[in-house]
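Peer 1: Before I ask anything, here is the structure I am working with.
The values are calculated or read from the model by the stated rules, or taken from the named source; none is laboratory data. Because the structure is predicted, anything quoted here is derived from the model rather than measured. Using ideal geometry, Cβ is built from the backbone for each residue, glycine included, and neighbour counts are taken over all protein chains shown.
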Amino acid sequence: MLRLTDINKTYVVGPTPVQILRGVDLEVNQGDLVSIMGASGSGKSTLMNIIGLLDTPSSGSYVLEEREISTLSDDRRSAIRNASIGFVFQSFHLLPRLTALENVGIPLVYRGMEDAQIKDQAGAALDRVGMGSHLDHKPGEMSGGQQQRVAIARALVGRPVIVLADEPTGALDQDTGNGIMDLFVRLNQDQGTTFIVITHDAKIAQRCGRRTRIENGLLHEEGAS
Ligand SMILES: Nc1ncnc2c1ncn2[C@@H]1O[C@H](COP(=O)(O)OP(=O)(O)OP(=O)(O)O)[C@@H](O)[C@H]1O
Ligand SMILES: [Mg+2]
């Protein structure tokens, strides 16, 4: 489904360029649940931003669903991002003035879908994450774990080919974080949803069927189960 080949990323801040990724190769297949671990600053979020089409590599090839992405215009990449990729962040990134239902509907609003259909699909996505009884709650009226479930519904609502989660349990206590991983595992097993999960927590990584690590700008496979 996606293949990165010899991906390099160099940031230039001040006089010295710093190479963060030094030839990353990664292939992800539909139905994978992959973790990425690595020290702080090792380039995990940098890699996720490249996979999520939020940033471009300095060099290398990225093929997503049989399309070479590196050569596309910004507009094309945005369109593919909206259609194909769901994001989950450590700090949820929900809009505080909107209800759960409205937050989840946002990706569909960008697609120009009709209101009634947006409500239907957003409601169904909230049902799938166990938040069907909180449609009218605003983020401030929900716990952290509940807000993350809403964020996951928002990531899923557009039926992306892959969900990218950058430390999705990082702001949650251990039990709540485990509940989020239960949800990922269930969605992965029942619906075949493909996930890449960045985490600092080895226990969270252990829940993923395939485990990788970034070190010295390279990505290594660490195991599979
Ligand atoms: N836009 C940018 N401009 C310059 N340097 C950047 C930029 N984004 C990231 N970096 C640098 O790239 C390196 C990797 O950052 P990145 O955010 O990918 O790390 P990370 O592995 O996600 O770390 P953490 O676990 O702390 O989230 C860091 O040294 C960071 O300072
Ligand atoms: Mg990071």
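Peer 1: Keeping to the stretch 15-74, report how many residues are away from ligand 2 (no atom under 12 Å from the Cβ) and either at positive phi or among the aliphatic types (A, V, I, L, M) (or both).
Peer 2: Step one: list which residues in the stretch 15-74 are away from ligand 2 (no atom under 12 Å from the Cβ), which gives 15-19, 21-35, 50-74.
From what's left, either at positive phi or among the aliphatic types (A, V, I, L, M) (or both): 18, 21, 23-24, 26, 28, 31, 33-34, 50-51, 53-54, 60, 63-66, 69, 72.
Counting residues in the stretch 15-74 that are away from ligand 2 (no atom under 12 Å from the Cβ) and either at positive phi or among the aliphatic types (A, V, I, L, M) (or both) gives 20.
Peer 1: Please verify whether the stretch 58-73 includes one or more residues that are closer than 22 Å to residue 151 by Cα and out of contact with any helix residue (DSSP H, G or I) (no Cβ under 6 Å at 6 or more places or on another chain).
Peer 2: First, the residues of the stretch 58-73 that are closer than 22 Å to residue 151 by Cα: none.
No, the stretch 58-73 contains no residue that is closer than 22 Å to residue 151 by Cα and out of contact with any helix residue (DSSP H, G or I) (no Cβ under 6 Å at 6 or more places or on another chain).
Peer 1: Give the residues of the stretch 47-56 that are crowded, with 21+ Cβ neighbours inside 10 Å and either among the polar types (S, T, N, Q) or out of contact with any Leu (no Cβ under 7 Å at 6 or more places or on another chain) (or both), sorted by residue number.
Peer 2: Once the filter is applied, which keeps residues that are crowded, with 21+ Cβ neighbours inside 10 Å and either among the polar types (S, T, N, Q) or out of contact with any Leu (no Cβ under 7 Å at 6 or more places or on another chain) (or both), the stretch 47-56 yields 50, 53.
Peer 1: Taking the condition surrounded by 17 or more Cβ atoms within 10 Å (Cβ to Cβ) and either more than 9 Å from ligand 1 (Cβ to nearest atom) or touching a residue at least 40 places away in the same chain (Cβ under 8 Å) (or both), does residue 26 pass?
Peer 2: Working: surrounded by 17 or more Cβ atoms within 10 Å (Cβ to Cβ): yes; either more than 9 Å from ligand 1 (Cβ to nearest atom) or touching a residue at least 40 places away in the same chain (Cβ under 8 Å) (or both): yes.
Yes: the conditions hold for residue 26.
Peer 1: Starting from the stretch 33-50, keep only residues that are closer than 8 Å to residue 214 by Cβ, then list their pairs with residues that are in a loop (DSSP other than H, G, I, E, B) and near ligand 1 (Cβ under 7 Å from one of its atoms) whose Cβ atoms are within a distance under 8 Å, requiring at least 6 positions of separation or different chains.
Peer 2: Hits for this filter: 37/200; 44/38.
Peer 1: A further question on this structure: May I ask you to say which residue of 165, 151, 124, 155 is over 17 Å from residue 82 (Cα atoms) and not hydroxyl-bearing (Ser, Thr, Tyr)? Step through it out loud before you land on a result.
Peer 2: Details: 165 fails: over 17 Å from residue 82 (Cα atoms); 151 fails: over 17 Å from residue 82 (Cα atoms); 155 fails: over 17 Å from residue 82 (Cα atoms).
Exactly one of 165, 151, 124, 155 is over 17 Å from residue 82 (Cα atoms) and not hydroxyl-bearing (Ser, Thr, Tyr), namely 124.
Peer 1: Are there strands (runs of 3 or more DSSP E) fully within the stretch 145-225 with at least 1 residues that are touching a helix residue (DSSP H, G or I) at 6+ places or on another chain (Cβ under 6 Å), within 16 Å of ligand 1 (Cβ to nearest atom) and under 20 Å from residue 45 (Cα atoms)? List them.
Peer 2: On the way: elements: 162-166, 195-198, 210-215, 218-224.
Of the strands (runs of 3 or more DSSP E) lying wholly inside the stretch 145-225, those with at least 1 residues that are touching a helix residue (DSSP H, G or I) at 6+ places or on another chain (Cβ under 6 Å), within 16 Å of ligand 1 (Cβ to nearest atom) and under 20 Å from residue 45 (Cα atoms) span 162-166, 195-198, 210-215.
Peer 1: Examine the stretch 107-126 for a residue that is part of a helix (DSSP H, G or I), among the polar types (S, T, N, Q) and under 22 Å from residue 169 (Cβ atoms), and state whether such a residue exists.
Peer 2: no
Peer 1: Working carefully through the options 25, 32, find the one that is touching an Asp or Glu at 6+ places or on another chain (Cβ under 7 Å), modelled with pLDDT of 95 or more, among the acidic types (Asp, Glu) and under 20 Å from residue 194 (Cβ atoms). Walk me through how you get there before you give the answer.
Peer 2: Values: 32 fails: touching an Asp or Glu at 6+ places or on another chain (Cβ under 7 Å).
Checking each option against the conditions leaves just 25.
Peer 1: What do you reckon, is residue 88 modelled with pLDDT of 95 or more, in contact with a Cys (Cβ under 9 Å, 6 or more places away or on another chain) and within 16 Å of ligand 1 (Cβ to nearest atom)? First the steps, then the outcome.
Peer 2: Numbers: modelled with pLDDT of 95 or more: yes; in contact with a Cys (Cβ under 9 Å, 6 or more places away or on another chain): no; within 16 Å of ligand 1 (Cβ to nearest atom): yes.
The answer is no for residue 88.
Peer 1: Additional query: Of the conditions (1) surrounded by fewer than 17 Cβ atoms within 10 Å (Cβ to Cβ); (2) free of Cβ contacts under 8 Å to residues at least 24 places away in the same chain, residue 192 satisfies every one except a single condition; which number is it?
Peer 2: (2)
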